[in-house]
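The values are calculated or read from the model by the stated rules, or taken from the named source; none is laboratory data. Because the structure is a prediction, the values reported are computed rather than measured. For neighbour counting, all protein chains shown are included, and Cβ atoms are generated from backbone atoms with ideal geometry for every residue, glycine included. SASA here: full protein model, heavy atoms, side chains in, ligands and nucleic acids out. Shrake-Rupley method; radii C 1.70, N 1.55, O 1.52, S 1.80 Å.
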Amino acid sequence: MIKIAIPNKGRISNGVKKLLEGIGISVPENGRKLYVSTDNPDIQIMYARAADIPRYVESGAADAGVTGEDMVWESEAEVEKLLKLNFGSCRISLAVPVDSPIKSPADYKDGMRVATKLSNITRKHLSKMGVECEIVPLAGATELAPQLGVADMVADQVSTGNTLGENNLRVVEDIAESSQYLIANKKSMEEKEEEIDTLRVSMESVINAEVKRYIMANVSSEEELGRVVEVMPAMDSPTVLKLAKEGAYSVHSVVDKSTLIQTIRKLKRAGAKDILVMNMSRVVD
Ligand code: PRP
């Protein structure tokens, strides 16, 4: 049995649920419960605040967890980062009211009040620049702090930028880029190696499948076959199947979604017909 800590709210909780569903774990609503069982008897979900997940994973209260890299930096928890996920990445930015005299980092001053839920990251960054700021620690909705007169600037995650825009704030500086990760407890990785590795490989296979497509194309001669195989990208080598009709073949492969249009164009030019493209649910390297 492994316990996986996931965020109970915020920007990324839907992405985590979708990923878990992709690997066959349907996650029930938590209600007020801390741990919830899933339809997989080997997996228990633990709902927590994204900021607390690194600490729970470090202590072993959860064997694994999904949270942002920024939450790991902020907590300084000793955990293993196992897999970068394909959703919820953001920048950590310093932002000020649109009419602030602070136009660039050169305008930072000692004593400047910075509202943030990322106190450690922010203090370290500004200290490195030789600025001793006053941190105003908040648990969320930091964007309101300048309007309320309790801070001169905010340090927060920025994804679409909508929250900053709605609160009349503008970015002065991006401090870091942060991605979502599957993280694990170091001891659990030894004691539950197989379960945790299965979790990592399953998530990776779902992420791979989202950026790849299965493609099939038919040819009606050996000559066309040669040309199509030459232009067909593949993870290793395309599959060639003989069709019932004499001299005809079907060429199958897995290609990057981003290059699909170019691939189809090349295949048609090489003589391919009946081109089919399909989504996949998993791709294991
Ligand atoms: C983060 C962050 C911002 C918002 C930015 O909060 O603190 O408020 O997302 O996103 P945007 O640029 O797309 O508008 P999150 O939803 O993670 O929740 P939290 O405030 O509860 O931590």
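Tabulated data for the structure shown
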item: DSSP-defined antiparallel bridges as percent of all bridges, the chain, nearest 5; result: 75 percent
item: Loop-located trypsin sites (Lys or Arg not before Pro) in the range 99-153, at most 12 other Cβ atoms within 10 Å (DSSP); result: LYS103, LYS109
item: Whole-number percent relative contact order across the range 212-278, with pairs defined as alpha carbons under 8 Å at least 6 apart; result: 50 percent
item: Listed pairs LYS33/LYS124; LYS81/LYS266; LYS9/LYS257; LYS128/LYS186; LYS128/LYS187; LYS9/LYS109 exceeding 32 Å between Cα atoms; result: LYS33/LYS124; LYS81/LYS266; LYS128/LYS187; LYS9/LYS109
item: Globularity index of the range 222-285, i.e. its alpha-carbon radius of gyration over 2.2 N^0.38 Å; result: 1.12
item: Proximal aspartates and glutamates relative to LYS242, as straight alpha-carbon distance under 12 Å, when same-chain residues fewer than 8 apart are discounted; result: GLU222
item: Mean accessible surface per residue for the range 90-177, computed with a 1.4 Å probe while every protein chain stays in place, in Å²; result: 50 Å²
item: Proximal lysines to LYS245, defined as alpha-carbon separation beneath 18 angstrom and excluding residues fewer than eight positions away on the same chain; result: LYS273
item: Rounded tilt (10° steps) of 13-22 against the dominant C-alpha axis of the chain; result: 30 degrees
item: Distance from the range 233-262 to the range 130-207 (C-alpha centre basis), Å; result: 41 Å
item: Helix 222-231 axis, angle to the chain major axis (alpha carbon atoms, nearest 10°); result: 10 degrees
